[in-house]
Amino acid sequence: MTELPLRSAAGSLERKAARILLPKQEKWVQLMATGRYSGSEAARTAGYNSKNAHKTAARLKKDPLILEKLNKLMSEAGERNDVTLDEVISALRTARDEAMASSNYSAAIRATELLGKYLGMFSESVRPPSAISGISGSAARLSTIANLKKTAP
């Protein structure tokens, strides 16, 4: 097999047709599949420019071939560990509900945050409510806790 050029448009099309990732892309996918890195951290660790890591991560997360490879790796990991997405979501919901029942609001918020992350509700750069509405950080957290209490069983 001939080596493909790294920076030409034709090379990019050939790689995609052959379903080949560049070494940095492959490294990023491997790091993301571990679940231990944010997109930006994985980009920096994979060797992308630190100044643009967040933009690179956003671009990589939109690439269909990269997403396919990442989903495949994560699916394989789930099969190896005999864990399903439904089990993880169910465990997070149970943890959240039990934390609320015992007034452990920080644990309830964390479980809710993880559910939200799975649903793609948060981006990597989240502005706190205080930056938007003028509410102080403490007031925003208390507001979140009060809202959780209202929804507790």
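Summed over segment 121-145, the residues that are part of a loop (DSSP other than H, G, I, E, B), basic (Lys, Arg) and at pLDDT 55 or above give a count of 0. In the set (1) among the aliphatic types (A, V, I, L, M); (2) in contact with a Lys or Arg (Cβ under 8 Å, 6 or more places away or on another chain); (3) touching a residue at least 24 places away in the same chain (Cβ under 8 Å), the condition left unmet by Ala53 is number (3).
Name every residue in segment 74-97 that is surrounded by 15 or more Cβ atoms within 10 Å (Cβ to Cβ) and either among the hydrophobic types (A, V, I, L, M, F, W, C) or not in a helix (DSSP H, G or I) (or both), in order of residue number. Steps first, please.
Step one: of segment 74-97, the residues surrounded by 15 or more Cβ atoms within 10 Å (Cβ to Cβ) are 74, 92, 95-96.
Correct list: Met74, Leu92, Ala95.
When Leu148 is tested against (1) of a type outside the set (S, T, N, Q); (2) modelled with pLDDT under 85; (3) surrounded by fewer than 14 Cβ atoms within 10 Å (Cβ to Cβ); (4) at negative phi, just one condition goes unmet, and that condition is (3).
The set of residues in segment 64-73 being buried (at least 16 other Cβ atoms within 10 Å of the Cβ) and of a type outside the set (A, V, I, L, M) consists of Lys69 alone.
Hey, does segment 98-120 have a residue that's surrounded by 12 or more Cβ atoms within 10 Å (Cβ to Cβ), modelled with pLDDT of 85 or more, within 30 Å of Leu22 (Cβ to Cβ) and among the β-branched types (Val, Ile, Thr)? No, the conditions are met nowhere in segment 98-120.
The values are calculated or read from the model by the stated rules, or taken from the named source; none is laboratory data. All figures in this text were calculated on a predicted structure; none of them were measured in a lab. A quick note on method: Cβ atoms are made from the backbone with ideal geometry, for glycine too, and the neighbour counts reach across all protein chains shown.
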